[in-house]
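Computed from the coordinates by the stated procedures, all read-outs in this text should not be read as laboratory data. Values in this document were obtained by computation on a predicted structure and should not be read as measured data. Backbone-built Cβ (ideal geometry, glycine too); neighbour counts: all protein chains shown.
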Amino acid sequence: MGTKLKFNNIRKHFFGVTALDGVSFEIEEKHTVGLIGENGAGKSTLMNILGGVLLPDDGDMSLDGEAYLPSNPRDAARMGVAFIHQELNLFTNLSIAENIYINSFPNLNKTPLIDKKKMNDSLKSLLKSLDLNYSPSTTVENLAPGERQLVEIAKALHSDAYLIIFDEPTTSLTARETEKLFTILKQLRSEGRTIIYISHILSEVKHITDNVIVLRDGKVTGSSETGSIEIPEMISRMVGRESDNLFPERSSKPNNSPILEVKGLSQPGIIGEVDFSVHEGEVLGVFGLMGSGRTEMARMLFGVDSYRSGSISIDGNPLPRNSPRSCIERGMAFVTEDRREEGLLMNVAITENIGLVSLPDYCRNLVKWVDAKRMNEEAGIIGDSLKLKASDIRRQPAMSLSGGNQQKVVIGKWLMKKPRLLIMDEPTRGIDVGAKYEVYSIMDRLAAENSGILFISSEIEELIGIADRIVVMSQGELVKVFEKKDFDVTALMAAAFREAVA
Amino acid sequence: MKDRNWQRFILKNTTFILFVLLFLIFGIIAPRFLSFKNLEIILSNSSYIGIIAVGMTFVLLTGGIDLSVGSTMYLSAVSSGTLIAAGWPIAPTIAVSLLIGIAMGYVNALIITRLKIVPFLATLVTMTVGRGIGMFVTKSVQVDFPDSITLMSTVKVFGFIPLQIFIFGLVVLLAMVFLRLTKSGRQLYAVGNDPFAAERAGIRTRPLITSTYVISGFFAALGGFISITQIGRVSAGFGSGDEFDAIAAAVLGGASLMGGVGSVFPGTVLGTVMIQMIQAGLVYTAVDIYLHPIVMSLIIFFAVFLDSVRTDQLKKMERRTIMKIIS
């Protein structure tokens with residue numbers, strides 16, 4: 001087997017900040033290689049160079065033994081390199097076939113018209129081989145996230161890509177869809193394709209790859225066969241320190257006075273008869289598989305979605321329905337699952353994002369204008385306490401931050417409001433180990449200050465690591481409550497899968 | 001399950017159903033409304049604004065807007081009128097007026113794609129400047145057209161299709177084929193859906209966006225010319241306000257101001273004919289003429305409101321149900 005791809009001393013700087021500091025490694029043909037590292041370690045920059053989105057400042061690459069330097073994504077595609085981004089690059093208003101052929105529509109007998117039949121027929125077997133059982137003329141809008149990803153893969157295969165980069169492919173997939181993706185990855189490898197697999201979920205990397213490359217601060221800090229590197233070592237190479245402690249020690253214990261009380265919360269088809277409460281100083285974990293109704297419940301609690309019956313009260317006072325505003329006034333805060341769409345103003349400066357919810361508190365003067373100086377100062381303090389990695393938080397837009405730092409901004413926005421009850425929906429998704437630790441620390445700190453936290457997650461380990469109690473949801477119902485002493489991965493899983501077990 | 005399919009059918013075709021309902025209501029109140037002659041008049045009146053609305057649909061599909069079409073109509077019509085008065089033959093003057101439309105569109109496109117000014121502002125400027133130039137040239141004196149032009153509106157193609165309806169049909173057909181069946185057409189939808197993704201997918205977005213404004217300008221000039229054949233003169237207010245009728249027609253036909261959604265047929269055609277039908281219907285049913293604008297706007301508002309409700313409802317229906325449905 002030969003070398004498929006070789007990076008030699010790749011360097012890249014952005015505005016004086018070093019993103020890649022002499023990266024060199026080789027990828028064997030027909031291998032699946034995991035690329036791991038914290039956010040900001042340089043993975044994306046490196047892959048963007050490989051995919052023709054960015055040009056390196058220095059260094060060279062070779063593909064199949066020949067010099068390789070794509071100047072745009074089209075170049076890369078021509079050379080058989082495909083990049084499947086975390087945010088899929090699909091046009092939801094077009095059909096599967098049109099998405100695949102977007103730049104190379106076949107013409108009908110030399111007319112400028114598209115040969116739809118030829119286009120659709122040519123894809124049938126490809127879609128079938130990916131187990132995507134739709135007609136090629138189906139509009140992408142109607143597909144689930146996992147199916148959309150398969151369309152991206154079909155696109156890569158159709159362009160005859162022999163080196164395929166997957167960037168965090170499983171973040172929006174259900175367990176079953178992930179399983180299917182892995183089957184397809186194995187299939188691709190057996191067809192002789194080389195795969196670069198980027199993920200924060202190290203168990204996946206361990207499971208699916210042949211080799212692992214670790215990046216830290218723009219340098220390669222580890223390169224070995226997957227079989228000979230265990231997850232703790234991957235982590236220590238990523239963060240540069242030994243890390244037995246993935247979770248901070250909880251510094252306080254919950255007391256008995258309830259903050260949030262939910263009774264009989266129901267919405268037909270979504271959730272049914274949900275009862276629970278969150279106490280002062282408590283981190284209540286909510287576990288459930290994707291699609292179990294967790295997010296929907298959180299949205300009802302915060303007044304975003306409506307519900308048919310039941311009651312929600314904060315500190316004994318019932319909450320009005322459909323009013324996020326009064327939820328905020330009562331001290332509720334909501335870190336949503338989708339930080340890009342729902343949590344951040346991407347083009348706006350970091351401090352303004354942090355100050356957003358508290359804006360009314362800074363307009364107390366006669367003419368109601370914003371006391372920007374005081375707001376920026378206090379947002380700055382919050383930013384510092386979150387260890388935000390940014391060069392100028394008053395000017396830099398939220399967009400320019402890495403995923404983990406963006407999440408910190410979302411959390412900071414609510415911290416500024418000093419929340420009584422903080423709802424966090426998948427707050428650590430897609431962020432690196434270091435940032436995760438900091439998010440957990442923030443939860444602990446808030447709990448120590450007597451706030452309550454509702455922590456929704458699909459990673460059992462983190463719930464066990466940080467929560468005081470865990471409730472399990474399945475198919476819209478709350479099936480079981482676990483006390484700290486009963487925490488157990490198998491038991492939690494079994495509860496979440498109750499239908500499958502029964 | 002069957003109920004659900006019905007619901008879906010109704011939701012997916014709200015505008016069309018409203019169209020049929022209005023048609024029937026007008027017909028019942030005033031049977032003369034249903035006469036063949038009247039229907040032909042409605043179509044004939046739809047032609048010029050419909051042609052402009054087709055051009056507008058192209059622009060809206062990319063997420064842009066073209067406010068300058070009314071001024072383009074005026075400028076190109078004034079130019080052809082002036083040339084005819086100076087003794088030019090008909091054919092070259094038509095060519096010149098269409099070229100002026102193309103030029104206006106190209107200027108819009110340059111301002112939008114090169115100077116990166118948002119379409120609303122860019123075309124607001126060309127709207128004002130365009131009309132300004134026309135007024136400067138004519139000193140805002142009305143321009144009359146000879147009979148040779150106005151007689152065109154009585155021409156019947158193949159002996160029975162009025163020329164303006166024929167041209168409208170042709171424009172619709174070409175636009176439909178272009179949008180549905182050509183590479184550029186499909187890529188236009190892609191650009192409207194996500195311009196950044198389109199760039200990344202290697203689509204050359206700038207020429208595509210440029211082409212939509214050129215098409216819009218060209219159709220505005222063509223629509224303006226059709227209008228002249230029907231009224232025979234151009235005053236300083238010619239075409240003013242038509243940009244909003246064109247936008248209303250496209251939006252009523254389902255085009256989104258955010259881009260990526262919309263069609264020429266049935267969409268925009270339905271929207272245009274519906275507006276004309278309501279206008280004619282109000283006349284036939286003897287509604288007080290001073291109430292026309294109010295009734296008209298209310299119906300359009302209702303249609304657009306219905307559309308937004310239905311989009312929400314459709315989304316809800318497509319949303320997965322989490323709890324097991326007990327059967």
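Details
- For the stretch A:44-167, diffusion coefficient by Stokes-Einstein and Kirkwood Rh (Cα), 4 °C, 1.567 mPa s, µm²/s: 83 µm²/s
- Computed on the Cα atoms alone, the convex hull of the stretch A:3-239 gives a volume of 131 cubic angstrom per residue.
- Estimated FRET transfer efficiency (A:Glu449, A:Ala491; beta-carbon r; R0 30 Å; 0.05): 0.45
- Percentage of interatomic Cα-Cα distances in the stretch B:223-277 larger than 15 Å: 54 percent
- Here the peptides A:158-171, A:127-140, B:31-44 are ranked by packing, the mean other Cβ count within 10 Å, and the order with the highest first is A:158-171, A:127-140, B:31-44.
- Largest GNM mean-square fluctuation across B:Gly130, B:Gly202, B:Gly237, computed for chain B with C-alpha springs under 10 Å, falls on B:Gly202.
- Separation in nanometres of the label points that stand 7 Å from Cα toward Cβ, at A:His158 and A:Glu87: 2.3 nm
- The separation of the stretch A:99-161 from the stretch A:383-443, counted between C-alpha centres, amounts to 39 Å.
- Label point of B:Leu99 set 7 angstrom out along Cα-Cβ; within the stretch B:70-85, amide nitrogens under 19 Å from it belong to B:72-85.
- Rh by Kirkwood over Cα pairs, then Stokes-Einstein D for the protein assembly as shown at 0.890 mPa s and 25 °C, µm²/s: 80 µm²/s
- Packing-based order for B:172-183, B:203-214, using average beta carbon neighbours within 10 Å, highest first: B:203-214, B:172-183
- Percent of C-alpha pairs per 10 Å bin, the stretch B:174-327, short to long: 9, 28, 31, 20, 9, 3, 1
- Entries in A:Lys118/A:Lys155; A:Lys418/A:Lys484; A:Lys206/A:Lys389; A:Lys12/A:Lys43 that, when Cα-Cα distance is taken, lie over 22 Å: A:Lys418/A:Lys484; A:Lys206/A:Lys389
- Net length available on complete extension from B:Val118 to B:Asn5 is 36.6 nm, with 0.36 nm assigned per residue and the Cα-Cα distance removed.
- Nearest 10 degrees, 0 to 90: helix B:269-284 Cα axis against chain B principal axis: 80 degrees
- Taken over the stretch A:394-448, the convex hull of the Cα atoms encloses 86 Å³ per residue.
- Length gained when the stretch A:Leu126-A:Arg374 is fully extended (0.36 nm per residue, less Cα-Cα span): 83.4 nm
- Most positive-pole-ward Cα, B:Ala122, B:Leu83, B:Leu61, against dipole of chain B from beta carbon charges: B:Leu61
- For the stretch B:46-267, averaging the sequence separation of C-alpha pairs within contact (under 8 Å, six or more residues apart) and dividing by the residue count gives a relative contact order of 45 percent.
- Fraction of the pair-distance distribution of chain B above 33 Å, Cα-Cα pairs, percent: 30 percent
- Size-normalised alpha-carbon gyration radius of the stretch B:34-185, reference 2.2 N^0.38 Å: 1.16
- Charges were assigned to the Cβ only: +1 to each Lys and Arg, -1 to each Asp and Glu. The resulting dipole of the protein assembly as shown about its Cα centre is roughly 2060 debye.
- Label point distance in nm, B:Ala286-A:Ser326, each placed 7 Å from Cα along Cα→Cβ: 5.3 nm
- Peptide A:109-117 - average C-beta neighbours from other chains (10 Å radius): 3
- Exceedance of the 32 Å cut-off in Cα-Cα distance is limited, within the set A:Lys219/A:Lys408; A:Lys30/A:Lys128; A:Lys219/A:Lys485, to A:Lys219/A:Lys485.
- Pairs of Cα atoms farther than 16 Å apart, the stretch B:146-259, %: 71 percent
- Structure remark: mean-square fluctuation, Gaussian network model of chain B, C-alpha springs under 10 Å; the largest value among B:Ala53, B:Ala249, B:Ala91 belongs to B:Ala91.
- Annotation: average projected area of the stretch A:138-184 is 3.6 square nanometres, based on the convex hull of Cα atoms across all directions.
- Under the Debye formula (equal points on every Cα, no solvent term), log10 I(q)/I(0) of the stretch A:85-148 at q = 0.12, 0.20 Å⁻¹: -0.31, -0.80
- Debye-formula intensities of the stretch A:222-311, expressed as log10 I(q)/I(0) at q = 0.10, 0.14, 0.18 Å⁻¹, are -0.50, -0.72, -0.86 (one equal scatterer per alpha-carbon, no solvent).
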